[in-house]
1. Considering only residues of the stretch 140-157 that are touching a residue at least 12 places away in the same chain (Cβ under 8 Å), assigned to a helix (DSSP H, G or I) and of a type outside the set (S, T, N, Q), which is surrounded by the fewest Cβ atoms within 10 Å (Cβ to Cβ)?
2. What pairs come out if I take residues in the stretch 261-275 that are outside any helix (DSSP H, G or I) and pair them with residues that are surrounded by fewer than 24 Cβ atoms within 10 Å (Cβ to Cβ) and acidic (Asp, Glu) whose C-beta lies under 9 Å away, six or more apart or interchain?
3. Given the condition of a type outside the set (Lys, Arg), touching a helix residue (DSSP H, G or I) at 6+ places or on another chain (Cβ under 6 Å), in a loop (DSSP other than H, G, I, E, B) and more than 24 Å from Asp110 (Cα to Cα), answer yes or no: does some residue in the stretch 221-230 qualify?
4. Residues to consider are Leu250, Leu177; find the one that is assigned by TED's automatic domain parsing to the domain that holds Pro151 and either modelled with pLDDT of 95 or more or more than 16 Å from Ile294 (Cβ to Cβ) (or both).
5. Do you know which residues across the stretch 122-139 are in a loop (DSSP other than H, G, I, E, B) and of a type in the set (Gly, Ala, Ser)?
6. Search the stretch 67-96 for residues being without any contact (Cβ under 8 Å) to a residue 24 or more places away in the chain and in a loop (DSSP other than H, G, I, E, B), and hand back the single one that is surrounded by the fewest Cβ atoms within 10 Å (Cβ to Cβ).
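The values are calculated or read from the model by the stated rules, or taken from the named source; none is laboratory data. All figures in this text were calculated on a predicted structure; none of them were measured in a lab. We place every Cβ from the backbone using ideal geometry, glycine too, and count neighbours over all the protein chains shown.
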Amino acid sequence: MSPTHDRDGQPAPAFNTARNRRRAVHALLGICRGIAADGKLVDDEILFLDIWLRDHGEHLRHDPDARDLIDITTDILEDGRITDDERADLLAEIETILEVRDDEADDPADLTNHLLGLLSGVAADGKLHPREIHAIRDWLSANPFIAGQWPAHTVRELLTTATQTAALTDDDRARLLAGLRALTGKDTDGSADGLSTTAPINHFAEVIIANRNFCLTGKFLTGPRSACESAIAAHGGNPKANVNSTIDYLVIGTLVSRDWRFTSYGRKIEAAVELHRSKGKPLIISEAMLFEHIRDS
């Protein structure tokens with residue numbers, strides 16, 4: 001175990017504190033944009049915002065707008081009921097924050113975390129309103145700097161596929177919603193947070209371990225990353241530290257890494273996606289796919 005990393009391969013808690021604060025702030029601004037996109041707030045969106053704020057409070061305590069939102073959502077939910085006036089007040093606060101901080105993101109990482117937050121916010125209530133879809137498209141058009149990069153280009157492809165007909169069907173909306181949740185690391189009903197993105201996973205990939213090179217990323221439910229690497233080595237595979245053209249498989253752990261640069265993925269996933277697009281490898285598989293193969297072999 002490295003002095004700067006724990007048994008799961010995660011950096012020491014204070015290693016990326018400033019970056020994690022910045023990531024949380026831009027994700028929050030995106031979430032606010034997403035839940036406010038259709039001009040109203042429903043209970044599921046307010047509950048999602050409250051839980052997300054609590055989960056990320058460690059990184060948001062220095063941001064005055066985040067603290068205000070924490071106080072407001074706490075007050076709203078204190079008596080177990082949400083009134084129309086409370087919804088209106090929270091929406092007004094969110095719209096004010098977005099107006100004041102609209103141009104705050106100034107690099108690709110900030111923009112990407114804002115986008116991932118936007119997608120999470122839009123999907124929070126399990127429904128897609130036309131205004132929310134337009135909000136995503138408008139945001140992508142306003143931020144062409146990242147439009148050609150993953151995951152932004154995948155979002156564009158999802159929108160294009162879903163809107164090929166004059167009117168979205170229920171199936172169109174369901175597929176689009178599932179695609180957005182996969183990108184942001186939400187489970188099938190959107191209730192779980194802290195999961196790695198599943199969007200780039202090739203669910204039909206053939207997994208061969210012997211004489212193949214594997215790189216691991218994320219946090220694994222199966223056990224510490226070192227134990228997962230030992231399991232690969234025991235079956236004839238070669239664990240490697242970094243993604244490059246020699247890697248045959250990138251294995252994504254089920255849980256996000258605390259210090260990933262983005263809310264649902266990190267640089268290894270980003271690099272693997274781009275390499276796969278240009279060279280056809282590495283194949284990107286999930287922790288579950290790897291260990292299902294190991295158990296069956």
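1. Arg156
2. Arg261/Glu270; Phe262/Glu270; Gly266/Asp259
3. The answer is yes; a qualifying residue exists.
4. Of the residues listed, the single one that is assigned by TED's automatic domain parsing to the domain that holds Pro151 and either modelled with pLDDT of 95 or more or more than 16 Å from Ile294 (Cβ to Cβ) (or both) is Leu177.
5. Answer for the stretch 122-139, where residues must be in a loop (DSSP other than H, G, I, E, B) and of a type in the set (Gly, Ala, Ser): Ala124, Gly126.
6. Gly80
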